[in-house]
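The values are calculated or read from the model by the stated rules, or taken from the named source; none is laboratory data. What you see is a predicted model; the values in this text were computed from it and never measured. When we count neighbours, we look across all protein chains shown, and the Cβ atoms used for this are built from the backbone with ideal geometry, even at glycine. Remember, those area values only see protein heavy atoms, side chains included, never the ligands or the DNA or RNA. Shrake-Rupley method; radii C 1.70, N 1.55, O 1.52, S 1.80 Å.
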Amino acid sequence: MLSLTPTDESSSMEEYLRAQIRTIPDWPHPGIQFRDITTLFENPQAWKKTVDVFVRRYSKMTFDRIGALDARGFLIGSTLSYVLEKPLVLFRKKGKLPGQTLCVAYDLEYGQAELEVHADSVRPGDKVLVVDDLIATGGTLLAADQLIRQAGASTLEAAAIINLPDLKGADRLNAAGVATFALCSFAGE
Ligand code: AMP
């Protein structure tokens, strides 16, 4: 799991970001600590700092597309797509995309779901940066990686604002050959 390098600047950035994220206990189910990034979005300075870290990292890398995960990943992905001038590909919950799709079923931290992408949005040989707000079990980002592989492409990295290391999603992604990057982490579920 890659995260910010452990300099004073980055650990204070991690602390700063953690302080912008609201935790709602027992939502949507008892025992879940919901890490709510709407408070981060409501603080333009904090949102700008968040975007700037991703931009600094990914402006140095070579890749073809940004894959954004439904729904909070769309907000991160569209901002990065605008700044980095990369095509944006939406990975959506089943039934939302109008064209011909590739589809994969996957397990969530709470429940099951299917993820889709337009069949012609990712091309063979593409390198795709996938983004979401949070890595929990890693199931959603793994599903996106499966769709990318189905299209004959590969994942550059799975990036998120938050990692929940106790749920081992980043470990699962790394074991599947997908590098991960997160700006901050929280203990527990
Ligand atoms: P997973 O597929 O288990 O890694 O779950 C990741 C997705 O579920 C992300 O899109 C998150 O938005 C959402 N999610 C899972 N757990 C949490 C949590 N504790 N707080 C906020 N969002 C969560």
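Listed values, structure above:
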| item | result |
| --- | --- |
| Residues whose placed amide H lies under 5 Å from that of Glu189, excluding near-sequence neighbours | Gln33 |
| Extension gain from Ala176 to Phe34, taking 0.36 nm per residue of separation minus the Cα-Cα distance | 48.5 nm |
| Per-bin percent of Cα-Cα distances, the chain [5 Å] | 1, 8, 17, 22, 22, 16, 10, 4, 1, 0 |
| Computed E for Arg18/Lys93 - FRET, C-beta separation, R0 35 angstrom, nearest 0.05 | 0.80 |
| In segment 36-189, lysine pairs with alpha-carbon atoms under 21 angstrom apart (chain gap of 8 or more, or interchain) | 7 |
| Average accessible surface area per residue within segment 120-174, 1.4 Å rolling probe, Å² | 33 Å² |
| Note, ³J(HN,Hα) from phi for segment 167-178, Karplus 6.51, -1.76, 1.60, rounded to Hz, x at Gly and Pro | 8, 6, x, 5, 4, 5, 5, 4, 5, 8, x, 9 |
| In nm, spacing of pseudo-spin labels at Lys48 and Gln100 (7 Å Cα→C-beta vector) | 4.6 nm |
| Largest to smallest accessible area among Cys103, Cys184 [probe 1.4 Å] | Cys103, Cys184 |
| Gained length - Glu189 relative to Phe63, 0.36 nm times residue gap less alpha-carbon distance | 42.2 nm |
| With every protein chain in place, segment 1-144: carbon and sulfur % of accessible area (1.4 Å) | 51 percent |
